[in-house]
Amino acid sequence: MNFKDRKHRIVFLASGSVLFLAIYYLLKFPNFQFLGNYLSLLSRLSISLFIITLILLAGRIVEKLIIERSETRGNRYNLLRVTRLVTTILVTFVIVSFLFQNLYTLAAGFGLASLVLGFALQAPITSFIGWLYIIFRKPYKVGDRIQVKGMRGDVVEIHYLDTVIRECSGDYIKNDHDSGRDIRFPNSIVLKTEVINYSGSMIPFIWNETAVQVSYSSDITFVEECLMKAATADFKEQYPHRDPENKPEWKPMVYFRNNSYAWMEAVISYPVEPFDTTGKRNRILRKALPSLNEQPDKVQFPEGVMR
């Protein structure tokens, strides 16, 4: 909904609330006594409609403020969902109050209905509690890349009963690109298992690594320099507004480890955005491999059947 449509709805609801309030007071004039028994019903109806339009109007105004002032997409989405839920609950309460004048009967009926529905709808109720947990504890929000029970993807929507993520990796591809499939799972899962959120303490980065196999006779100092140079250059190209000198935790590092066969691995570890892990790996290899291949006397790659 664009700004103009939102503004028109606010004006429409404001006009409606004024109209229903005016009808409520007009019905108090003696001229309408001819309505008899219907007068009380119409009065209650008009004041109920006035309260409903007032609640909807307040909800629209709050939504407008949230959209204008929220800094992140995830927070905006969560606040809008809570606002709409509260609005719906208040409107439902007004409608039920209009239909049932006897509050004691209403409370008793509501208690009995809650007892029956509690047994019949255990799974949806648990998922709704899971939604409340997601909204207030924020294990993830819209836009985050998460992993839950082997399902990995970017959060697209968080409904009252389930969450939708756009899968990355999956059964058919082994990189971090969008697989083209959506995964929908009940919110109750977050109450029973761990949630891995790639938007962690190093926002906006996570740590990833790329390994290059070299022989034990290679100049490991030269290999380390080439890999560090490639990772540092790519960082400056992709994130020119970020300075790793002021953030020591963003500096890449190189370490070496033994391989199961007859060579060792030079591993460059670096910060990267969760959505760019495959692209970052490719760019580092494109930058580092030409430099390594230019010095065959310093860098020997594994050869033979065990390569």
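Out of the residues in region 243-258 meeting the condition of being out of contact with any helix residue (DSSP H, G or I) (no Cβ under 6 Å at 6 or more places or on another chain) and over 12 Å from V212 (Cα atoms), tell me which one is modelled with the highest pLDDT.
The qualifying residue modelled with the highest pLDDT is M253.
Looking at region 91-145, which of the residues that are under 28 Å from F50 (Cβ atoms), in contact with a helix residue (DSSP H, G or I) (Cβ under 7 Å, 6 or more places away or on another chain) and not aliphatic (A, V, I, L, M) is modelled with the lowest pLDDT?
F100
Take region 232-283 and flag every residue that is surrounded by 14 or more Cβ atoms within 10 Å (Cβ to Cβ) and of a type in the set (S, T, Y).
Hits for region 232-283 are T232, Y239, S269, Y270, T277, T278.
Which residue pairs have Cβ atoms under 7 Å apart, sit 6 or more places apart or on different chains, and have a first residue in region 213-231 that is surrounded by 22 or more Cβ atoms within 10 Å (Cβ to Cβ) and at pLDDT 90 or above and a second that is in a helix (DSSP H, G or I) and not hydrophobic (A, V, I, L, M, F, W, C)?
C226/S291; A230/K287
Among the listed residues S217, S269, S199, S260, which satisfies the condition of being hydroxyl-bearing (S, T, Y), part of a loop (DSSP other than H, G, I, E, B) and within 23 Å of R152 (Cβ to Cβ)?
On inspection, the qualifying residue turns out to be S199.
The values are calculated or read from the model by the stated rules, or taken from the named source; none is laboratory data. Keep in mind that what you see is a predicted model, and the values were worked out from it rather than measured. FYI the Cβ positions are ideal-geometry reconstructions off the backbone, even for glycines, and counts take in every protein chain you see.
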